[in-house]
Each structure stands twice: as structure tokens, then as C-alpha cells.
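Worksheet for the structure shown next.
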Amino acid sequence: MTKKTSMERYRPALHFSADKHWINDPNGLVFYKGEYHLFYQYHPHSTIWGPMHWGHAISKNLVTWEELPIALYPDELGAIFSGSAVVDWNNTSGLQTGEEAVMVAIFTHHGEDNEKQSIAYSNDRGRTWVKYEGNPVVSNPDLKDFRDPKVFWHEETSKWIMSLACGDHIRFYRSHNLKDWEYLSSFGEKYGNHGGVWECPDLINLEVEGEQLKKWVLIVSVNPGGPNDGSAIQYFTGDFDGRMFVTDQCESEEKWADWGRDFYAAVTWSGTEQPIWIGWMNNWQYANQTPTAEFRGSMSIPRSLSLENKEGVHTLIQTPILSDEMRSNTIFDRQNGSFESLTVKVPEQPFMVELKLNNLSSFDILLKGEGGNLRVEFDGASQEVRVDRTKSGLVEFSEHFASVDAMPLKSFQDALLLVDKASVELFVNGGRSVMTESFYPTGSINTLEFKSSLNEPVEYKQIGVQSFSL
């Protein structure tokens, strides 16, 4: 949520959006002295993608955001494409000038001739930035796509590690000072999905739930090639020794972080105890055409990350970050019953639906109103969940938007549904299966309907609906 006075119809209440103009990828996510920094790809002069800057916002709770002045502007080396930021606690870069620890941003300079990696630094808690006079710090090795550096400190080797997206693979580099970089290895030419260009990598070390160990996870965005068309995020689990990433997956295996159409370029915050990430809530198939006026683009809800190991298969778990204070207004709460059809009147978005069943039944959740009808279908026979937005309101602004998107689902324990002005985020089985979708109703959504699709009772343990106090 952002503090704004705008009453624009599709302005999210629960998610970050810039006050005006275009945004896409989250960049430079870093936590320092109680502040979560969110930088992002930003075009300050249009609601259409253009020369990229780094916009900037901060939050103390990942819910309420304060926009700050633009952090990085294009220059003679090119536009400011995606990247990351770290706190250089030990001043390995030698760029610290005062008492505050120096923050270093690592980003892609996108010029007409090539892409290369550069750095900038801040000695005032990220408020002002100076570009390093020795830029670029990593020159282009004659690759068309060479971008989106994600950097972290690797304790075991006492080095900074950089992951770079290089078209159809990821390259790894290391440095002792964030200025001088050495190539290490590459991964991915024969693994995973190659339906589009690889972008926005992130190499993170995650705890495996219920086990006293961690596992390395390599995040890779791909555009297009997603499971329901367009842009999406895949991930690989494996091991990293400070030089090479080796996956435990077979070459053809695809793991998707989010099966929806609108979750892309997600990366994690640097400096947090629990890994937390956030993604751009849009799809490159129609991102420039979505029917908003003053702004275009928003971020997902921030999500904490962990892993589950089930019979040797490691699955990413995403948990939306929602404080108890936010969800204090209960609209509907019913325990241990059944429905063939159940209707709940809901207030203006945002609101949240929690559902617990005994098994995977066949039923629909309908978000209904005078402005459209969004359907979330749970199909026990085909073992999948689908989001149908063909009648959800405005759909004709792009030939790619009206869709029925599917996610495989072998079993069902619970579901959490977050509904905002123009989006729905679905977390099934504790966040083991996730879908994020945008939609644009032409009027209010005021009714929530649970309906059996087989005309037989659906047994539930709990149905709860809560609105948010923001």
C-alpha cells in the first residue's frame, strides 16, 4: 500500500504502485536500520515503458510505503536497467565516507551497443547516490543479453557473488571489493524452460522445513515461456560451493514459482533474517496496455520463502506477509459445514478469503459484481485449479488478456485468497502452489460465492473472510 489521495479505480490498496507513470521490475531490495528499500524500474515521463530509471520507496513494515526521489538516472553509458543493492558492512569497496555503512547498488547500464554492469553508492541510508567513476565494473563479453546482476556476500569464501542473466543461461562472478570481478562458471543452457530469454536471477540459501539443513535455490525469470503463456518465474534447487551451481533436477524438469500470469522478476531483499521477495504484478504480453490512467504497474504482496523436502523433491513455499493488525475485521467465519452454494457480501477491496477442506473437491469461488465475474475453479477430477478471467470486466485491451489459466493440484488442504482492486493472489496448501492474476472489473465487486460444480455438498472445515484495516 502507498499513501496516496488518488481514487483511481484500479489503484491497489494492499500493494505498492508508483504515484504516477510506469514501473516494472523490483530492483535494489535491501534492508538497513529498520527500513526496507524498494527500488524499481521506472519511467518518470510516461505510463509506457521507456528510458529506465531507478525509482525508490521505503517501508518499515512492507505494507505502507513512502516514495522518495528518483535514485538513479540514465547517463552516457545508458539507461539504468535492473540490479540489486547490498550494505557493505566491512567497507570492502572502500566507498564509505562517514559513520553510516555504505550501500552499494549493482545495476545494468543498457546502451545502444551493449549491456554492462556498473555500481553506485550511498553514504546517507540510500537517500542520495553517486555513480562509481570507474564504471562499468563488468564489461560485456560480446553477449546481446547480459544483465540484471544480483549480488550477495558468500560467507564460506568471504567473497561477493554476482549472478547475471545471459540470454539462455546464468553466469556467476565473484569479487572481494564489488569493483573487480572474476568470472566463475555458468549454468542453465540445458536445464529448465527456454521458451524465452532468461532474466532477473537470484541465488539464495533457504532452510528446508523440518530439517537441520539449507538448500540453494536459483531463481530465474523467463519471458516468454510461462506455463500459461507470457512471462513467469522458474526455479532450480541444488548446491553452490562458491564457484559453481549444480542442480538436483533433471534437464527437462520445470519448477514454477507462480502459475499465474502476473508475477515476474521477483528477487529477495538483502539483509533480512528470513528470505523475503516481491515481484512485478504484470505480464509483458500486455503490460503496456493495462487500463489504468495515471499509473501503470504494481508490485505483488511481499512473501517470505522456505523449502519443503517431500520424497526428495524440494518445493518452494511462499507465505504472504500480513500483520495481525491488518486483518482484524472479520466479515464471515464458519466452521465445519458444507455448501452447494454459499453467498457472502463483501466490502470494497481489499479482502482475504481463508478456506480449509477435507479433500480436493470440485467447486468454484466467484468474485461477482456489476463490473464483472472472476472465477477460481477447483477441479478434483482433473486435479487442477483454474482462474477464469474471460468475463472479469475489461479484457479487450489486449488479445492476450482474456484467459483461463491452470495450475496442477494433486491434493487440497487449505487456500488463502488475497483480493485487491485489480488483482487476486492465490496461495494453496500453505503456499506450496501459488497463482497471481490481475483483472479489471468495470464496477464494484460486492459478492463472494462458493458453489459446488457437481451439485453435491462440499465439506469444509473453515471458511473465513476478512477485510483489511490499512
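Brief remarks follow.
- Selected residue (only one of Glu459, Glu399, Glu437, Glu449 is in a loop (DSSP other than H, G, I, E, B) and not aromatic (Phe, Trp, Tyr)): Glu399
- Remark: pairs (first residue in region 357-374, in the same structural domain as Leu454 (by TED's automatic domain parsing) and under 10 Å from Gly393 (Cα atoms); second residue among the β-branched types (Val, Ile, Thr) and not in a strand (DSSP E or B); Cβ separation under 6 Å; 6+ apart in sequence or on different chains) = Gly371/Thr442.
- Only one of Ser306, Ser328, Ser338 that is at pLDDT below 90 and small (Gly, Ala, Ser): Ser328
- Taking the numbered list (1) touching an Asp or Glu at 6+ places or on another chain (Cβ under 7 Å); (2) more than 23 Å from Gly430 (Cβ to Cβ) in turn, Pro350 passes all entries but (2).
- Filtered residue count, region 96-122, keeping only those that are without any contact (Cβ under 8 Å) to a residue 60 or more places away in the chain, in a loop (DSSP other than H, G, I, E, B) and in contact with a Phe, Trp or Tyr (Cβ under 8 Å, 6 or more places away or on another chain): 1
- Checking each residue in region 174-203 for being assigned to a strand (DSSP E or B) and surrounded by fewer than 21 Cβ atoms within 10 Å (Cβ to Cβ) picks out Arg174, Ser175, Glu182, Tyr183, Leu184, Ser185, Ser186, Val197.
- For Gly372, the stated conditions hold: it is closer than 25 Å to Gln285 by Cβ and of a type in the set (Gly, Ala, Ser).
- When we screen Lys190, Lys150, Lys215 for residues that are out of contact with any Cys (no Cβ under 8 Å at 6 or more places or on another chain), over 18 Å from Val313 (Cα atoms) and among the basic types (Lys, Arg), the only hit is Lys190.
- Pairs meeting the criteria (first residue in region 156-185 and in the same structural domain as Phe146 (by TED's automatic domain parsing), second residue part of a strand (DSSP E or B) and of a type in the set (Asp, Glu), beta carbons under 6 Å, at least 6 apart or on different chains) are Ala165/Asp148; Ala165/Glu199; Arg174/Glu182.
- Residues located in region 406-415, provided they are outside any loop (DSSP other than H, G, I, E, B) and crowded, with 21+ Cβ neighbours inside 10 Å: Ala415
- All positions within region 416-434 that are surrounded by 20 or more Cβ atoms within 10 Å (Cβ to Cβ) and either more than 19 Å from the chain's Cα centre (by Cα) or not in a strand (DSSP E or B) (or both): Lys421, Ala422, Gly431
- Checked against the criterion of being more than 28 Å from Phe468 (Cα to Cα), of a type in the set (S, T, N, Q) and buried (at least 18 other Cβ atoms within 10 Å of the Cβ), region 359-371 contains one or more residues that satisfy it.
- Residue within region 124-147 that is outside any loop (DSSP other than H, G, I, E, B) and among the polar types (S, T, N, Q) present: no
- Region 287-394 holds strands (runs of 3 or more DSSP E) entirely within its bounds, and those carrying 1 or more residues that are of a type in the set (Asp, Glu) and touching a strand residue (DSSP E or B) at 6+ places or on another chain (Cβ under 9 Å) map to 303-310, 329-339, 351-357, 363-369, 372-379, 384-388.
- Region 133-155 - residue that is without any contact (Cβ under 8 Å) to a residue 60 or more places away in the chain and touching a strand residue (DSSP E or B) at 6+ places or on another chain (Cβ under 6 Å) and, of those, surrounded by the fewest Cβ atoms within 10 Å (Cβ to Cβ): Ser139
The values are calculated or read from the model by the stated rules, or taken from the named source; none is laboratory data. Please read all numbers here as calculations on a predicted model, not as lab measurements. Ideal geometry is used to build each Cβ from the backbone, glycine not excepted, and the neighbour counts take in all protein chains shown.
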